[in-house]
Amino acid sequence: MTEKGEATRLSNRPGDLSKDQRGAVAPEIPTHAGPTRAFVAVPWLVRPGEARPLPDDPGERGREAKLEEATGLAAAIGLDVVDAIAIPLSKVTPATYLGSGKVAELGERIAAEEIDLVIVDQPISPGQQRNLERAWSCKVLDRTGLILEIFGERARTKEGRLQVEHAHLTWQKSRLVRSWTHLERQRGGFGFLGGPGETQIEADRRQIQTRLMRIEKDLEKVRRTRGLHRQSRQAVPFPVVALVGYTNAGKSSLFNRLTQSDILAEDMLFATLDPTLRKLDLPGGQKAILSDTVGFISELPTTLVAAFRATLEEVISAEIILHVRDIVSPDSAFQAHDVIETLRELGIEPHDKRIIEVWNKIDLADRPAREVLAGQAARAEPDKRPILVSAITGEGVDELRRRVAEALAAGECRRTVQLAPADGRGRSWIYEHCTVLERSDDPKSGVSTLTVSVPSQRLGEFDRRYG
């Protein structure tokens, strides 16, 4: 995109709206050479006479963290961010979200800087977006639209593209507004035979709904296929360990460290979109499947959570969930809150015994900070104690493997069984479906004594086979 010297044409993306759909003529992004020049505005509510955000929302962030994240989102699709500013608001203006004075002030700056696109880091209504575009004579995109653009550009697999398109269309359908008479043209119908016909907006909604129904059928096939894959893995069986966390927390780097893989791991928001599965070797010869998932973010559009449920079901069904946190980020606590809220939407409560917190990027902390973090981790309850790791240096990774192995073993049962030399079928079943912890062979009789870890779902069959 930007490497080829072309502008990012957001007006042609699936999530954007046509003239008829939006009810207004949307300013087109100029097609000049070079990346799209963008301006990032981060509104935040303050009390009159104060200069700090209202603390009513537990997920509310400071200005610097919000600015950095909004700029990172814009940079994730190659926009040239000319500037990013925080805008304190005493109240939200219904027509334009921002006050009229601020709209006029920014309009002068946007014109002087030749800005092509303004990112408003808040969800804004279709009417507010239209009014700001008129006032500034440039394209305006809110936080939800920007996240959808990023997902649309990053999706690589067929199921990923289907899920993104579903989210785009769901969002687009909600932004069809009646504003101009050209949207009220009618067609069809003769008196009592067919009624007055349908307006253009109704036709657009019907077309979007038809496409959504087709995508939902395709996504249902994706869910069935993934369900079959999960059943085949359970038949082996290898337990699934899922990585979750805020975007750019280092999940992919940790995934590579644990599995000796080389999947894309960049210092970029939403570097990973499509889920990845790899074998994970654990102490004692135990094996598992490690799943890397899409990163979460504050105010993640609900349409995306719903659309990506097919792939996020890997998290729902996982035996262990590793919540990876960028522990050196000043925003770490707020990010953890957002991840927990997203997990709640998936039906996973924060007290779920499957969750293990992993405090990543410990290598970036200085010695006093490391001591503080180590003290905080030590004071936690043993079964909820976070693990300090560095995906880059490998520090703490062995401890993480051991903790995962212990957590998996806690959900399994140990059995000791003796097998005759001729019982090849019985020995084969054990090695295929269980984890052999110890083995000793009698040199005289040839009888093998095996101590095995039996998955809970295989315990009944094991006892029937071996008593």
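The values are calculated or read from the model by the stated rules, or taken from the named source; none is laboratory data. On a predicted model such as this, the values are computed, not experimentally measured, just so you know. In this analysis, Cβ positions are derived from the backbone assuming ideal geometry, glycine residues included, and neighbour counts consider all displayed protein chains.
Residue count for the stretch 171-189 under the criterion of being modelled with pLDDT of 70 or more and not in a helix (DSSP H, G or I): the result is 2.
Taken over the stretch 423-467, the criterion of being within 22 Å of Ala410 (Cβ to Cβ) and either of a type in the set (Lys, Arg) or in a strand (DSSP E or B) (or both) is satisfied by Thr435, Val436, Leu437, Glu438, Leu450, Thr451, Val452, Ser453, Val454, Pro455, Arg458. For the stretch 350-373, the candidate set comprises residues that are more than 16 Å from Lys384 (Cα to Cα) and in a loop (DSSP other than H, G, I, E, B); within that set, the residue that is modelled with the highest pLDDT is Lys361. Checking each residue in the stretch 82-97 for being in a loop (DSSP other than H, G, I, E, B) and in contact with a strand residue (DSSP E or B) (Cβ under 9 Å, 6 or more places away or on another chain) picks out Ser90, Lys91, Val92. Among residues of the stretch 146-170 being within 23 Å of Lys66 (Cα to Cα) and out of contact with any Lys or Arg (no Cβ under 9 Å at 6 or more places or on another chain), the one that is modelled with the lowest pLDDT is Arg154. Taken over the stretch 98-118, the residue count meeting the criterion of being farther than 11 Å from Ala135 by Cβ and assigned to a strand (DSSP E or B) is 1. Scanning the stretch 205-230 for residues that are modelled with pLDDT of 85 or more and among the acidic types (Asp, Glu) yields Glu216, Asp218. When the stretch 417-443 is filtered for residues that are of a type outside the set (D, E, K, R) and farther than 16 Å from Gly284 by Cα, the ones remaining, listed by number, are Val417, Gln418, Leu419, Ala420, Pro421, Ala422, Gly424, Gly426, Ser428, Trp429, Pro443. Looking only at the stretch 409-427, residues that are over 43 Å from the mean Cα position of the chain (by Cα) and closer than 14 Å to Leu437 by Cβ come to 1 in all.
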